[in-house]
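The values are calculated or read from the model by the stated rules, or taken from the named source; none is laboratory data. Computed from a prediction, not measured in an experiment: that's the story for all the values here. In this analysis, Cβ positions are derived from the backbone assuming ideal geometry, glycine residues included, and neighbour counts consider all displayed protein chains. Ligands, DNA and RNA are stripped out before the accessible areas are found, and what is left, the full protein with its side chains, is counted by its heavy atoms. Shrake-Rupley method; radii C 1.70, N 1.55, O 1.52, S 1.80 Å.
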Amino acid sequence: MFYLIITALILLLVVAGLLVRAQVLIDIFTKSSSKRAGLSNQINGFLFVVFLVFIMGGFVWISIWARKYYLPDSASVHGVWTDNQFWVTMSILSVVFVVTHILLFTFPYIYQFKENRKALFYPVNHRLEFIWTVIPAIVLSLLVFNGWKVWSAITKEAPENAVVVELVGKQFNWLVRYPGKDSKLGKHNYLKTDELNTVGIDFTDRNSFDDYMAGEVHIPVNKPVLFKIRARDVLHSVFAPHFRLKMDAVPGMPTKFWFIPTKTTSDMKTITGNPEFTYEIACTEVCGPGHFGMRLKLVVDDEDEFDAWNKSQQSFLAKNPDYLKSVPDNLRKPAEQSIVENRKITGLAVLKTLSKSVAKTN
Amino acid sequence: MASIELHNPARSVDTHGHDHHDDHEHEEGTFLTKYIFSQDHKVIAKQFLISGMIWAILGGTLSSLFRLQLGFPDMDMSILKPILGGWIEDGKLNPEFYLAMVTMHGTIMVFFVLTAGLSGTFSNFLIPLQIGARDMASGFLNMLSYWFFFASSVLMMWSMFIETGPASGGWVIYPPLSALPQASPGSGTGMTMWLFSMALFIVSSLLGSINYVSTVINMRTKGMTFSRLPLTIWAFFFTAIIGILSFPVLFSAALLLIFDRSLGTSFYLSEIYINGEALPNMGGSPILFQHLFWFLGHPEVYIVILPALGITSEIIAVNSRKPIFGYKAMIGSIMAITLLSFIVWAHHMFVTGMNPFLGSIFMFLTLIIAIPSAVKAFNYITTLWRGNIVFTPAMLFSIGLVSFFISGGLTGVALGNSAIDIQLHDTYFVVAHFHLVMGSAAFFGMVAGVYHWFPKMFGRMMNEKLGYLHFWMTFVGIYCIFFPMHYTGIAGFPRRYYSFTTYDTFKTFGDLNAFISTAAIITFFAQFLLVFNFFYSIFRGRRAPLNPWRSNTLEWTTPIHPGHGNWVGEIPHVFRWPYDYSKPGAEEDFIMQTVPYSETTSSNLEGEVDPVEEESSSKVHA
């Protein structure tokens, strides 16, 4: 097999060599090589026009054909702003792209070599140069100014009442922590990380007592949501494409991103016509061989649904009372209390949902 | 004799080169000193070129392999088992190996092909020839530069054959992934070898750059003022300056990473819990590495593209039979790009958690750099306008470069806007952007340079028809690969993904990915047209005339096979700028730089008179 491939390659080379040789001989006999520019020059000039049609046609066709896939509907407030920016910028760029390419590909055709013509000696024109320095400068300034406004609005401090969710990246999945009833995330300490306490919750902080871990992200619609982002081992990056949200997760340096979701998951199911629709969070900073598999499900609920879900979550301590050991003695009581309280609330919540479904079936 | 040759080759040719009948008769030294440890800038250039070609084929092969995975995820790849061995598991590519290939593709293409292969080849080959010098300022350092590059290449190549595989954290090798051997197999020995190989590479690059800069400043022939330098030289000059200023920063970044890996320091590491173990490192910052890396990394893209733009400027002017439009503006924009290239790096880091205020600043600075780039593009188009265009393969590739530079550069305006970048960062939109604007454009510059200066390198012509075929297949192919990638990028497809099937959001575009992969593989194979043409023409190409493209620059005044020392007898003097093409009143449509104004009275413009012969005639003359 191996020798067969080698022989084939050698044969191919020989044939190629012969063909080239023959072509050169033909050139010599037809004397086309003695001319400064012959038929090939005309063909190449013409091919640029063909290529112009090809690339412009392709540009229009793919932009229309692929529209159903790219830039899915934005599901956040700032997403609408950045999408606007994107479309405005892209429209300007498309105009420049089309105009420059029409010039770039028709000039070679129009001004291809002719024996009896002389090119125009045209070394400089300061006015022209001034124009095409200043116009891009103005357009770019406008784009920068608008971009800066949007960027500042997106990156300003999150509102006080934002729903806080902690996302922690690790090889190769995301860990999700909620602050629980007190809406305050407890402190964390990476030295306290272990098999169960995967995000290193620090139980010396009483705010941590009602914190709970979740397998997927639930957030309420039309309310500010603040993602507090961390990484446990290497860099990761939170990317929620529908919300136009991306922020790196960095070990040792907490980051954040806040936004207001505008469409619930069920809204999106209707909009996309896909009953299976789910929001997803992906990792966009290479983090090892499992990088492509760090999918995290995200659900946007309406307010009631979110409340119910939030209340039905068992706190970490309630689930793993063994960790009461790590609570300092003076806080042991409030910790135990919070477990009792949490069990009461979650119990109630479970009852509520049960009764609801019973009511529905009736 | 041999020892004199080693110390001052230029002079030895000067004194012995009077009866230059046969091209090979007067080359002194053994095969070893002539072709292997040569100090002749032309031989070193060819060494860089051929090494670069080998690397390019390897880099291209890697991309074809991972494109197979991306385009045809269900394909049975057992057929590749004889080559890839254990990296194919049950007919599937190993995901770790996929990342390793992506990493090596990036490293190889950016550093080994487009930095060493492009600057190494053409700066070396053209600087002495076009400024009128016998050789580089230091032939010895120049030789060292190649052999450091060679050592670096050997190490990098070797790393691909070790059991745990080569580095696999992306060509940007962000820590902690690259710092912790336990984070991925490629972060072990492979990463160590990557770092040492890059350290050698940086030494090579610095030796080269220092040489280029000092040669351009000190060794120009009489009359070759800065304002008479061809744009190629201006581009190589500033490229070398960028390299000198930025590569040491990468070196320091790599050094700190080596410390973190081997000496237990915590420059980039803090609060890490990995594989059931909390590491003791505290207080380091992975973002610090990114700042240091991109302080080289961004200028690096200009190190890659500027020489290509310089080459294109020359080729477009020659083959349009017109002076380059706005010579001074072209120099000005190269200067502006050089300066600005150092203060835009953090646009790679808008969403790293860096202070958003910094993001605003870098957005502003980034979009400024679009202005000189736009000026360059407009000037190229104006140069074509009312020209008398000859389509040599080099010319075709140069026009192709301008097209890529525009279409890739434009999307940079979208990416440089931090608000838009939130969505597009690390998606295929970025991949499409930089593959067009720096990858393909710089590659086209390199190929154009090969076609254009091949006659000077080997004394023979390359086959034009094969060149045309090569160009059209590559040009169409590259657009078929990278144009659609913008759309997958806008749809949010992240980079460096082994497969997209895990996500509902990224399940679309299967057909498009298959199309891109097919185009990529065809385009890759089309490159063998060049490889064949290149090696075939070295031996069997038609003999080249003295000045095949009817060009003005000095390299075409040397003999067809220039010996070591380039010119027989005295180095020619220069009397005019390099772009007197189609000058009204002139007999021919080109006037070489060596022709004094006194011989072209019919075409002289106002103020164009030869300087009065004085021994102290100034070198800096505007």
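Taking θ = phi - 60°, what integer Hz values does the Karplus form 6.51 cos²θ - 1.76 cosθ + 1.60 yield along the range A:331-344, in sequence order, with x for Gly and Pro?
With the stated coefficients, the range A:331-344 comes to 9, 3, 4, x, 5, 4, 4, 5, 5, 4, 4, 4, 5, 4 Hz.
List the aspartates and glutamates whose alpha-carbon lies under 20 Å from that of B:Lys222, not counting same-chain residues fewer than 8 positions away?
Correct list for B:Lys222: B:Asp14, B:Asp135, B:Glu555, B:Glu570, B:Asp580, B:Glu599, B:Glu608, B:Asp610, B:Glu613, B:Glu614, B:Glu615.
I need to check one value: relative contact order of the range A:163-355, counting alpha carbon pairs closer than 8 Å and at least 6 residues apart, in percent. Walk me through the numbers on the way to the answer.
Numbers: 402 pairs, mean separation 44.1, N = 193.
This gives 23 percent for the range A:163-355.
Express the relative contact order of chain A as a whole percentage, based on alpha carbon pairs under 8 Å and six or more residues apart in sequence. Intermediate values should be presented prior to the final figure.
Numbers: 478 pairs, mean separation 53.5, N = 362.
In percent, rounded to a whole number, it is 15.
What are the residues whose amide H is under 5 Å from the amide H of A:Ser237, where those residues sit 5 or more places off or on another chain and H is modelled from the backbone?
Here the answer is A:Ala249, A:Thr284, A:Glu285, since their amide H atoms fall under 5 Å of that of A:Ser237.
In the range B:223-340, with Lys and Arg counted as +1 and Asp and Glu as -1 at Cβ, which of these residues, B:His298, B:Leu231, B:Leu269, has the Cα nearest the positive end of the dipole, that is, farthest along it?
B:Leu231
For the range B:167-183, in order, what is each residue's ³J(HN,Hα) by Karplus, 6.51 cos²θ - 1.76 cosθ + 1.60 with θ = phi - 60°, in whole Hz (x at glycine and Pro)?
Per-residue couplings from phi come out as 3, 9, x, x, 5, 7, 5, 5, x, x, 3, 7, 8, 10, x, 7, 7 Hz.
How many square angstrom of accessible surface are buried between A and B, both sides summed, with a 1.4 Å probe and rounding to 100?
Using a 1.4 Å probe on protein heavy atoms, the buried area is about 10500 Å².
May I ask you to rank A:Lys156, B:Lys222 by accessible area, largest first, using a 1.4 Å probe over the protein chains only? If you can, show how the numbers build up before the last one.
Working: A:Lys156 120, B:Lys222 70 Å².
I get A:Lys156, B:Lys222, largest accessible area first.
Using a 1.4 angstrom probe with every protein chain in place, what is the largest-first accessible-area order of A:His188, B:His564?
Details: A:His188 60, B:His564 15 Å².
Listed by decreasing accessible area, they come as A:His188, B:His564.
Determine the share of the protein assembly as shown's accessible area contributed by carbon and sulfur atoms, expressed in whole percent, with a 1.4 angstrom probe.
Working: 25540 of 38450 Å².
Carbon with sulfur: 66 percent of the solvent-accessible area.
Given +1 on the Cβ of Lys and Arg, -1 on the Cβ of Asp and Glu, and no further charges, what dipole in debye does the protein assembly as shown carry about its Cα centre, rounded to the nearest 20? Walk me through the intermediate numbers first.
Numbers: 70 positive and 71 negative charges, 300 e Å.
I would put it at about 1440 debye.
Checking the cross-link filter: which aspartates and glutamates have an alpha carbon closer than 13 Å to that of B:Lys92, excluding same-chain neighbours under 8 positions apart?
B:Asp74, B:Asp76
About the Cα centre, and with charges only on the beta carbon of Lys, Arg (+1) and Asp, Glu (-1), how big is the dipole of chain B? Nearest 20 debye, please.
The dipole of chain B has a size of about 700 debye.
Give the ranking of A:Leu298, B:Leu410 by solvent-accessible surface, highest area first, calculated with a 1.4 Å probe.
Working: A:Leu298 0, B:Leu410 25 Å².
The ranking, largest first, comes out as B:Leu410, A:Leu298.
Going by a ≥ b ≥ c, the root eigenvalues of the Cα gyration tensor, does the range A:163-355 fall in the rounded group (a/c under 1.5), the prolate group (a/b larger than b/c) or the oblate group?
Details: a/c = 2.14, a/b = 1.20, b/c = 1.78.
Since a/c reaches 1.5 but b/c is at least a/b, the shape of the range A:163-355 is classed as oblate.
What percent do you get for the relative contact order of the range B:35-540 when only Cα pairs under 8 Å and 6+ apart count? Don't jump to the answer; show the numbers that get you there.
Values: 796 pairs, mean separation 75.3, N = 506.
Over the range B:35-540, the number comes to 15 percent.
So what is the 222 nm mean residue ellipticity for chain B from helices alone, if each DSSP H run of at least 4 adds -39500 (n - 2.57) and you divide by all residues, rounding to the nearest 500 deg cm²/dmol?
Details: 19 runs with 347 residues, N = 622.
Roughly -19000 deg cm²/dmol at 222 nm, from the helical runs in chain B.
Per-residue Cβ counts within 10 Å, from other chains only, averaged over B:374-387: what number is that?
On the way: counts 9, 4, 0, 5, 9, 4, 2, 7, 8, 4, 9, 7, 9, 10.
The per-residue average across the peptide is 6.
Partner chain Cβ atoms within 10 Å, averaged over the residues of B:545-557 - can you pull that number for me?
Numbers: counts 0, 0, 0, 0, 0, 1, 0, 0, 0, 0, 0, 0, 0.
The per-residue average across the peptide is 0.
Within the set A:Lys256/A:Lys356; A:Lys31/B:Lys456; A:Lys333/A:Lys356; A:Lys114/B:Lys42, which residue pairs have Cα atoms separated by over 26 Å? Intermediate results must be reported in sequence, preceding the final value.
Working: A:Lys256/A:Lys356 36 Å; A:Lys31/B:Lys456 24 Å; A:Lys333/A:Lys356 34 Å; A:Lys114/B:Lys42 35 Å.
Pairs exceeding 26 Å: A:Lys256/A:Lys356; A:Lys333/A:Lys356; A:Lys114/B:Lys42.
May I ask what percent, to the nearest 5, of DSSP beta bridges between residues of the protein assembly as shown are antiparallel?
If I count the DSSP bridges inside the protein assembly as shown, around 75 percent turn out antiparallel.
May I ask you to order A:204-215, A:231-242, A:166-177, B:94-105 by the average number of other C-beta atoms within 10 Å around their residues, highest value first?
For the peptides A:204-215, A:231-242, A:166-177, B:94-105, the packing ranking is A:231-242, B:94-105, A:166-177, A:204-215.
Roughly what angle does helix B:286-320 make with the longest principal axis of chain B, taking Cα atoms, 0 to 90 degrees, to the nearest 10?
Once rounded, the angle reads 40 degrees.
Exactly which trypsin sites (Lys or Arg not before Pro) in the range B:454-512 are in a DSSP loop and have at most 16 other Cβ atoms within 10 Å?
Details: sites: B:Lys456, B:Arg460, B:Lys465, B:Arg495, B:Arg496, B:Lys507; in loops: B:Arg495, B:Arg496, B:Lys507.
Sparse-neighbourhood loop trypsin sites (Lys or Arg not before Pro): B:Lys507.
If the only charges are +1 at each Lys and Arg Cβ and -1 at each Asp and Glu Cβ, what is the size of the charge dipole of the range B:223-331 around the Cα centre, to the nearest 20 debye?
Numbers: 5 positive and 5 negative charges, 160 e Å.
Result for the range B:223-331 is approximately 760 debye, rounded to the nearest 20.
Compare the Cα positions of B:Tyr428, B:Phe405, B:Gly416 along the charge dipole of the range B:399-498 (+1 at Cβ of Lys, Arg; -1 at Cβ of Asp, Glu; about the Cα centre) and return the one farthest towards the positive end.
Selected residue: B:Phe405.
Using a 10 Å cut-off around each Cβ of peptide A:252-264, what is the average number of partner chain Cβ atoms that fall inside?
Details: counts 14, 9, 2, 5, 1, 3, 0, 0, 0, 0, 0, 0, 0.
Mean number of neighbouring Cβ atoms from other chains: 3.
List the residues, sorted by chain then number, that are 5 or more residues from A:Val163 or on another chain and whose placed amide H is less than 5 Å from its amide H.
A:Val225, A:Leu226
Apply the Karplus parameterisation 6.51 cos²θ - 1.76 cosθ + 1.60, with θ equal to phi minus 60°, to every residue of the range A:201-217 and state each ³J(HN,Hα) to the nearest whole Hz, in sequence, with x for glycine and proline.
With the stated coefficients, the range A:201-217 comes to 5, 9, 7, 7, 9, 5, 4, 7, 4, 9, 5, 10, 9, 9, x, 9, 8 Hz.
Taking a ≥ b ≥ c as the square roots of the eigenvalues of the Cα gyration tensor of the range B:35-540, is the shape rounded (a/c under 1.5), prolate (a/b larger than b/c) or oblate?
rounded
Would you mind checking the tilt of helix B:327-341 against the longest principal axis of the Cα atoms of chain B, expressed as 0 to 90 degrees and rounded to 10?
30
Given H placed on each backbone N at 1.01 Å, which residues far from B:Glu89 in sequence or on other chains put an amide H within less than 5 Å of it?
Residues meeting the criterion, in which the H sits 1.01 Å from N, are B:Asn94.
Can you spot the aspartates and glutamates whose alpha carbon is less than 17 Å from A:Lys246's alpha carbon? Ignore those fewer than 8 places along the same chain.
Within reach: A:Asp73, A:Asp83, A:Glu157, A:Glu166, A:Glu280, A:Glu285, B:Asp421, B:Asp426.
Name the residue farthest towards the positive end of the dipole of chain A from the options A:Ala119, A:Phe145, A:Asn310, assuming +1 on Cβ of Lys and Arg, -1 on Cβ of Asp and Glu, about the Cα centre.
A:Ala119
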